[in-house]
Amino acid sequence: MKILNSIRVLIASFHQKIWIVVIFAVLLSALLIPVSFLVKVIFDQAIPNNDVNLLLKLTVALIALMTCNGILSIYTRATILRYTKDAVSNIRNALSEKLLRLSHASYQQADISRIHKILVYDTEKLDNFANAIFSVMIPSACISLCLVIILIILNLQMSLLLLAITPLIILITEFLRRASKKSLSQFQASFESFHKKSLFLLEFNKLIKVSSTQQKEAEHHKSIVRELNNSSLRMAIGFIKMSNYQEVVFSVSSIILLAWGSYTVMQGSMTIGTLMSFYFCLFLLKRYLNTIGSALPSVIEGTDSWQQCTRLLSEQHDETYTGTIQHVFDGKIECRDITFSFGELPLFKNFNLSLRPGETTLVIGPNGSGKSTLVNLILGLYQPHEGTVYASDMAYTQWDIQYLRSKIAVVLQEDTTFQGTILENITYGIPNAGPGAVQEAVQYSGLHEFIESLPEGLHTVIGEKGASLSGGQRQKIAIARCFLAKASLIILDEPTNHLDESTVELIASSLKKQKHTPSVLIITHTERLRSRSDQVIELKTAYA
Ligand SMILES: Nc1ncnc2c1ncn2[C@@H]1O[C@H](COP(=O)(O)OP(=O)(O)OP(=O)(O)O)[C@@H](O)[C@H]1O
């Protein structure tokens, strides 16, 4: 049922072209009809009459037919692959769009390694699943059906005998499929912990070193790899058993059929040509059934991956605000009577705040008092449970929130530098910034001296998360990006954390120099910038 559902959704992506798949499969099947007839003529006419000429002609015809079959088969599979790859690309795009639409709150709670696994590994398995179903199983099933019809026409009695073993094959396949499903879930679970652990080792490499836990981590990783190895072996053996048991049942049945067929020939109720033709078709049927069997593991694995993908796609955690209006934003923000909480107790209750163009507002408060949460509310990453946030006198619910955010420049508390050049980091989200504007932003943020000291200057490549930079240099890059954006509102969340006194002074005076007079919101837990601000909001306790 789950498999059928997955097939239905995949077909939906290329339903206008499904008839091409069907036509190819029918053509491939049709090519086999003359083959069985030619084999019969070889044994019934060419051999008994010692007719070498006829034998040669029939052989050439057989070779030509089988070559056509091979070429058409390649063309069929290549054509179908193009459709399935497109269908899987659509699913990959839908997943990444979903990821970008996730609300900040759900992203914070999300299991990132699970989402990463779905995006990268499960979509790859889905690709294998689609290939297995459409380019292997469906054409092979059509051809097998055609071969069964030919077998019935050739000899009904022997076909019925063959049909009698079909339930046995189905029973064995079903039993082994269920067993494989169990080993597959065990494999999935151990693969997930392997994936999580590997990400942890990469992300927390420094923590592991400074905590001297390399040995412990190495042993833990080894035990996870051992479990992965065992579960993957169990799964592979399950799949091998499935195809081998089918093979054995089929071979035994073929021998019984040969014996019965030979007896029938001896009795004179069937010609040797019909027996040979029957056997030739049986050999082809076995080949196509084997092909179907070998595609089964990809189908079983892919069905599970498909479920993971659809589960993620159906999660209802999209952006908080869904308005569409793109209005002129002058930097004016108002929080009117807003209430917001993470749990039972409100972090903000009937809270009011007003940011005005050209003014600097300082929000000061101890750890955990809600300063970063306030930034998230102003960025529209969270929505207040009561009250409304306004930008230029228009409620956030009406704004196209992405557009509004593009008018706000923010220096977040967390590090936002990424692998790339300093220039790429500074111009992230502002791709059209000219060299003059970049130089100006670099001066404003106090980054110029550092850049001048680098042989490659702005084109110096910095490591993952700015690993080759000091905390202050990373902070200055984020501040330069903020100045470059020429936004109507500048938010600096704990900007002074890594900066020395003279740089803080420089940035404070740079903020005042901005000709487009943005409103500025500075979040801090120190008093350093109090004298530079037009208003100070104090969040004294955890519940303002
Ligand atoms: N996503 C979340 N889920 C649940 N509680 C949260 C979440 N984010 C923050 N909190 C809680 O809300 C409170 C305010 O957090 P917030 O980060 O806004 O404080 P802050 O004033 O910026 O602190 P700091 O000065 O340490 O950065 C804290 O008690 C924190 O534990």
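The values are calculated or read from the model by the stated rules, or taken from the named source; none is laboratory data. From a predicted model like this one, the values you see are computed outputs, not experimental measurements. Note that we place each Cβ from the backbone using ideal geometry, even for glycine, and neighbour counts take in every protein chain shown. Side chains are part of the model used for accessible areas, which takes the heavy atoms of the whole protein and leaves out ligands, DNA and RNA. Shrake-Rupley method; radii C 1.70, N 1.55, O 1.52, S 1.80 Å.
Observations, loosely collected:
- Test: residue in segment 273-292 that is open to solvent by less than 20 Å² (accessible area, probe 1.4 Å), of a type in the set (V, I, T) and on the phi < 0 side of the Ramachandran plot: yes
- Residues of segment 363-391 that are over 32 Å from the mean Cα position of the chain (by Cα), at negative phi and either assigned to a strand (DSSP E or B) or of a type in the set (S, T, N, Q) (or both): V363, I364, N367, S369, E386, T388, V389, Y390, A391.
- Among the residues of segment 129-158, not one is of a type in the set (S, T, Y) and touching a Gly at 6+ places or on another chain (Cβ under 6 Å).
- Hits in segment 370-381 (condition: farther than 20 Å from R530 by Cα and open to solvent by less than 20 Å² (accessible area, probe 1.4 Å)): T373, L377, I378, L379, G380
- Looking across segment 316-342, the residues that are over 22 Å from A485 (Cβ atoms) and open to solvent by 50 Å² or more (accessible area, probe 1.4 Å) come down to Q316, H317, D318, T322, T324, R336, D337, F342.
- Selection from segment 54-96 of residues that are within 29 Å of the chain's Cα centre (by Cα), surrounded by fewer than 13 Cβ atoms within 10 Å (Cβ to Cβ) and over 22 Å from M137 (Cα atoms): N93, S96
- Exactly one residue out of W399, W306 is open to solvent by less than 40 Å² (accessible area, probe 1.4 Å) and under 30 Å from R92 (Cβ atoms): that is W306.
- Qualifying residue in segment 388-400 (condition: within 16 Å of the ligand (Cβ to nearest atom) and touching a strand residue (DSSP E or B) at 6+ places or on another chain (Cβ under 9 Å)): yes
For every residue, the table says whether it meets (1) assigned to a helix (DSSP H, G or I); (2) more than 27 Å from the chain's Cα centre (by Cα); (3) within 30 Å of P139 (Cα to Cα).
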| site | (1), (2), (3) |
| --- | --- |
| R287 | yes, yes, yes |
| S298 | yes, no, yes |
| Y321 | no, no, no |
| T339 | no, yes, no |
| P346 | no, yes, no |
| S354 | no, yes, no |
| T361 | no, yes, no |
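- Complete set of residues in segment 67-95 that are under 19 Å from T303 (Cα atoms) and among the hydroxyl-bearing types (S, T, Y): Y83, T84, S89
- Evaluation of V461 against (1) modelled with pLDDT of 85 or more; (2) not assigned by TED's automatic domain parsing to the domain that holds K371 (one fails), failing number: (2)
- Exclusive hit being over 30 Å from N367 (Cα atoms) and either touching a Gly at 6+ places or on another chain (Cβ under 8 Å) or open to solvent by less than 10 Å² (accessible area, probe 1.4 Å) (or both), set A437, A485, A441: A441
- Residue among N352, N367 that alone is within 13 Å of the ligand (Cβ to nearest atom), open to solvent by 50 Å² or more (accessible area, probe 1.4 Å) and either over 22 Å from A480 (Cα atoms) or in contact (Cβ under 8 Å) with a residue 40 or more places away in the chain (or both): N367
- Within segment 80-111, considering residues that are modelled with pLDDT of 85 or more and of a type in the set (S, T, Y), the one farthest from the ligand (Cβ to nearest atom): S89
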